[in-house]
Every structure is written in structure tokens, then in C-alpha cells.
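The values are calculated or read from the model by the stated rules, or taken from the named source; none is laboratory data. Source: prediction; values computed, not measured. Virtual Cβ from ideal backbone geometry, glycine too; neighbours counted across all protein chains shown. We work out accessible area using only protein heavy atoms, side chains counted, and drop any ligands, DNA or RNA first. Shrake-Rupley method; radii C 1.70, N 1.55, O 1.52, S 1.80 Å.
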Amino acid sequence: MKKIILVLLIQPIVILNCSGQQLTYSKVIQFFSANTVTASFDGGLMMADENGVIVKVDQAGDIIWTNKYDNNNPSVYPDVWLNHIAPTFDSCFVLAGSAYNAGIGNADALCMKINQQGDTLWSSTIRKNGYSSFRARVVEQVIDSGYVITGSADDLNFSSTGIFAAKLNGEGDVEWISIITGVNSNFYSYTVKQAPDSAYLIGGFAENYPPYAPNAFLLKLSATGDMVWSKKYNYTVPVFTYINDMSITATGIICYFNNPSSIGFVKTDFSGNVEWSRTYDNFCGNYNFIPEHTQKLHKTADD
């Protein structure tokens, strides 16, 4: 486990727009581009970016505090990347990202927990022998108050790509790490959720080239990180399709898909078999672009 140093950022930052049926407020905060946002417990927002910066704003969008998290590697900027922030059961926040490891000259996956004031409660870095670079994209708290985290893992020669999943306990100690391979080109995990049987579901994008075979994927790991099953999906072959996020219901999994020109929702059972799908065309997209971050589902008050 590695300590992440907290440094106060004194410059102004970000671009923020909040809207519902009518515009509630619009704020411009310079020098910051949030790639992950979550509601705070007081009605405000917590936002983080790829430069290790977290911004807390109140219900009116005014900045309450700004922190920059640093790994004390002055020759590397940024040396901490923050890709996802999520609330915890005890009214704190957990973050996923990466931290530069000077000893190997590459990145470790990072999971850290902060309180509502931005103070670091613990931080943990994740890697496995035989792999050069880890980058965590998403983290979720699970029923035992621990955490499941997933992201990318590159081998030592960068000749193949994989994704990793790791389980941490409530204090941030790593219990297990699993590496999933079998794709020879782009391989991204964008979402992870716990299933009702305490197993873990991971969704994202997998591409083999050659031949050109881009697909969304959904896979299941056991409670101890062993592969149970994996499925591929593509409703616009041969255009790439990826899973942004998913929601676990009492009867199955609802996956939120995206491609360059449309979005879609697919309902599967807990074995990944499709039960129904809906596609909505003419949404903005970008051909031949696989995003580093994806949009997330948020449950509404009317279910």
C-alpha cells in the first residue's frame, strides 16, 4: 500500500453545467475538466479529473473546496489520474485511477477513500508481476463494505492487452486480483457491479484486429475472481459497440450500450442471455473512437 499525498490546489478550475427540466444553474470554473461526477451527501457535487484534482461544489455550484492529490513524483505530471468517484455506505467517497510508480517507470492502479472534506482515509495501489501498467477506470462498494475495481492491464512488452479486476476489503487491502486476456487489440472495462449471488459483472469493449471484430462484452467473475462466463454483443456489426454502464435488477441485468450514432439498452438474464433490446438512433457519436471514459446510468426517483 502506498501513501498518496494531499496537496491544496490554489488556482481556480472546471466547466460545469447542471440541468433538469429547466436550467438550475450554469457555472464556469477554469482549468479543470471533470471526467467523473457524483452527488455529495449535502446536495452538492463531487467531481474529479485526470490531473488528480477533486472539486466539491454546493447546491448552487459554488466551490466549497478544491484538492489536488499527488504521488510526490515531481518529474511526472500528472502522476495521479482520477477516473471515477463513487459514494460509500458511510457517507464518504471512493475513487479509482492510477498513480505513477517511479520504481518501475509506469503506472499502478489506484483506489483511495476520502471523507466529505477531501481528507485521505486510505489509499491502495494495485499491480501484479508480469504486467507493466495498470489503469483503474471504475470502482464500486459491495455488500461486505469492501470494493471491487476494474481497468486496463498491459503486459511487460505491451504486446497484448488485458483488463484486471481486484477485490479490496473495507480498509483498502487487496484480497485478490484477476487478469482477463484473450483480445489482441483494444480491451476496455467500463463498468463493474456485484450480482445478487455476490459474484461480479464487468462490461466494456473488446476488439480483435485482425480480423476486425469489435464487440461489447459482459462477463461474470465468481466471488473469488474466477471466470464464470463471458458474452459478446453487437447490434450494429461491424461498427464498434461498447457497454457504458449497467444496472442490476431483481430479474437480470440492464446494459446501456453506445456506438457512433446511437444508444441502446439490452436486458439480459443473470447468465448474460438477451431477453430484450431497444435502440435509439441519431444520437451524437464519433466513428472509430473508443472512449477512455463513458457515460453512467443514474436511477430516477420514479424508478
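Between the entries [x] 19.0; [y] 19.9; [z] 20.8, the label attached to Kirkwood radius over Cα pairs in Å calculated for this structure is [y].
Here the Karplus relation 6.51 cos²θ - 1.76 cosθ + 1.60, evaluated at θ = phi - 60°, turns the backbone of the stretch 101-108 into coupling constants of 9, 5, x, 10, x, 8, 9, 9 Hz, with x for every Gly and Pro.
Atom-type composition of the exposed protein surface of the chain places 51 percent of the accessible area on carbon and sulfur (1.4 angstrom probe). The modelled label-to-label distance between Ser247 and Leu121, using points 7 Å beyond Cα along the C-beta direction, is 2.7 nm. In the full protein context, the stretch 185-266 carries 35 Å² of accessible surface per residue, based on a 1.4 Å probe and ignoring ligands, DNA and RNA. Neighbours of Ala206 by Cβ distance under 13 Å: Lys/Arg scored +1, Asp/Glu scored -1, total +1. The gain in end-to-end length when the Ser75 to Asn169 segment is fully stretched comes to 30.6 nm, 0.36 nm per residue minus the alpha carbon separation.
The magnitude of the dipole of the chain, with charges of +1 and -1 set on the Cβ of Lys/Arg and Asp/Glu and taken from the Cα centre, is near 360 debye. Spacing of the modelled spin labels on Ser185 and Asp58, each 7 Å from Cα toward Cβ, amounts to 5.1 nm.
With the simple spin-label model, which puts each label point 7 Å out from Cα in the Cβ direction, the Lys128 to Thr224 separation comes to 1.5 nm. In straight-distance terms, cross-link reach from Lys113 covers every one of the aspartates and glutamates whose alpha-carbon lies under 15 Å from its own, apart from those fewer than eight places away in the same chain; here that gives Asp70, Asp90, Glu140, Glu171, Asp173. The lysines whose alpha-carbon is closer than 24 Å to the alpha-carbon of Lys267, local same-chain residues fewer than 8 away aside, are Lys193, Lys220, Lys231, Lys232, Lys296, Lys299. Near the amide H of Ala34, within less than 5 Å, lie the amide hydrogens of Ile15, all on another chain or at least 5 residues away, with H placed in the peptide plane. Which of the GluC sites (Glu not before Pro) across the stretch 87-187 are loop residues per DSSP, with 12 or fewer other Cβ within 10 Å? Answer by residue number: Glu171.
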